[in-house]
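These notes concern the structure reproduced below.
The values are calculated or read from the model by the stated rules, or taken from the named source; none is laboratory data. Owing to the predicted nature of the structure, the values given are computational and were not obtained by experimental measurement. Note that we place each Cβ from the backbone using ideal geometry, even for glycine, and neighbour counts take in every protein chain shown. Each accessible area value is taken on the protein alone, full model and side chains, heavy atoms only, with ligands, DNA and RNA left out. Shrake-Rupley method; radii C 1.70, N 1.55, O 1.52, S 1.80 Å.
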Amino acid sequence: MDEPAGQLLPILTAHLFPRIENLLIKLLHSLSPEEWQLQTVSPRWKVKDVAAHLLDTQLRKLSLIRDGCAPPPPPEAGPPFDLVALINRLNQEGVAVYGRLSPPVLIELMELASRQSAEFHQSLDPFAEAAFPVSWAGEGASKNWFDTAREFTERWHHQQQIRLATGRPGIMTPELYHPVLDCFLRALPHAYRNVQAEKGALLRVDIAGDCGGTWLLLREPDRWQLVAASQSAPACRVSIPQEIAWRVFTKGIDRSAAEAQSTVEGDRRLAEPVLSLVAIVG
């Protein structure tokens, strides 16, 4: 989706990578042997699996995008290409490989990969075209700033999964969490692409808390569009506490539990895609 002039600003996160990565390394160093085996909100993954996934995706991106080392293409025979199936397979393979490493070895490799990944993202022209589009936002082509922000959400929310599983404080600071929420909610127009409403209908999404904010989705003649401001009264207002918002958008909380902790005013039909929004692949 191309944002028209005067609409939402780009989400610039490359400068935040050293900060989020340093927090991750400190977190991993602090884990006891027992904590590495705790279950996370991701049903298939324990803490060590999540750490292995974080290492795998960094190394994969550096190899593919920075170094141009592409894996073999999917076989031409068989069913049509399925991006979600491919990503799930690559993730499973990465966790299987790096999950065999000891925590000290995994952390040492993570320190190297994290430093190089931060340098790589900071080297990119944020307004050049990214190697891959942000698929969960429905884009056929994306700018680097959006793909980098998407990568930042991955580094943030998987670290948050480890923190939640081990009882560590979350990374609930406006500097680091607000860009994650802003990036997730750029998926709203795509999530509403099949939702019918009168022209001018307005959806207001509030993420309650000092890291959150307000996002406005306006129905235009042929699509829904995120807008920076509107004088219209919302047809529907959805408020989600910031403590669970990241879990709502990453399949980390049951839908009924999310609904019980959120509030909806106005046309409830328009609220449904917000609480079903998924801003990850897989």
Task: Projected-area mean, the chain, by convex hull of Cα positions, square nanometres - done: 15.6 nm²
Task: Sulfur and carbon atoms: percent of accessible area, the chain [1.4 Å] - done: 55 percent
TODO: Choose one answer from His158, His15, His121: the residue with the largest mean-square fluctuation in a GNM of the chain with alpha-carbon springs under 10 Å.
DONE: His15
TODO: Take the cross-link list Lys46/Lys143; Lys199/Lys251; Lys48/Lys143; Lys61/Lys143; Lys48/Lys251 and give me the ones stretching past 27 Å between alpha-carbons.
DONE: Lys46/Lys143; Lys199/Lys251; Lys48/Lys143
- [ ] Would you list the P(r) distribution for segment 73-197, with all Cα-Cα distances sorted into 5 Å bins from 0 and each bin expressed as a whole %?
- [x] 2, 8, 12, 17, 21, 18, 13, 6, 2, 1, 0
Task: Charge tally in the Cβ shell below 13 Å around Ser42, where Lys, Arg are +1 and Asp, Glu are -1, Ser42 excluded - done: +3
TODO: Quick one: compute a quarter of the convex hull surface over the Cα atoms of segment 7-63 and quote it in nm².
DONE: 5.9 nm²
Task: Selection of GluC sites (Glu not before Pro), segment 153-231, meeting DSSP coil and at most 16 other Cβ within 10 Å - done: Glu198
TODO: Return the distance in nm (one decimal) between the two label points of a simple spin-label model at Arg223 and Val278, each offset 7 Å from Cα along Cα→Cβ.
DONE: 2.3 nm
Task: Unit charges at the beta carbon, dipole of segment 129-202: most positive-side option, Pro169, Cys183, His157 - done: Pro169
Task: Compactness of segment 222-282, expressed as Rg and Dmax over alpha-carbon positions, Å - done: 12.6, 37
- [ ] Rank these by accessible area, largest first, 1.4 Å probe: Cys211, Cys69.
- [x] Cys69, Cys211
Task: MRE, 222 nm, helices only [DSSP H, n ≥ 4, -39500 (n - 2.57), over the chain, to nearest 500] - done: -13500 deg cm²/dmol
Task: Rounded to 5, percent antiparallel among DSSP beta bridges of the chain - done: 75 percent
Task: Label-point separation, Ser230 to Ala131 (7 Å along Cα→Cβ), nm - done: 3.7 nm
Open item on the list: Can you give the local net charge around Ala165? Use residues other than it whose beta-carbon is closer than 9 angstrom to its beta-carbon, Lys and Arg +1, Asp and Glu -1.
Closed with: +2
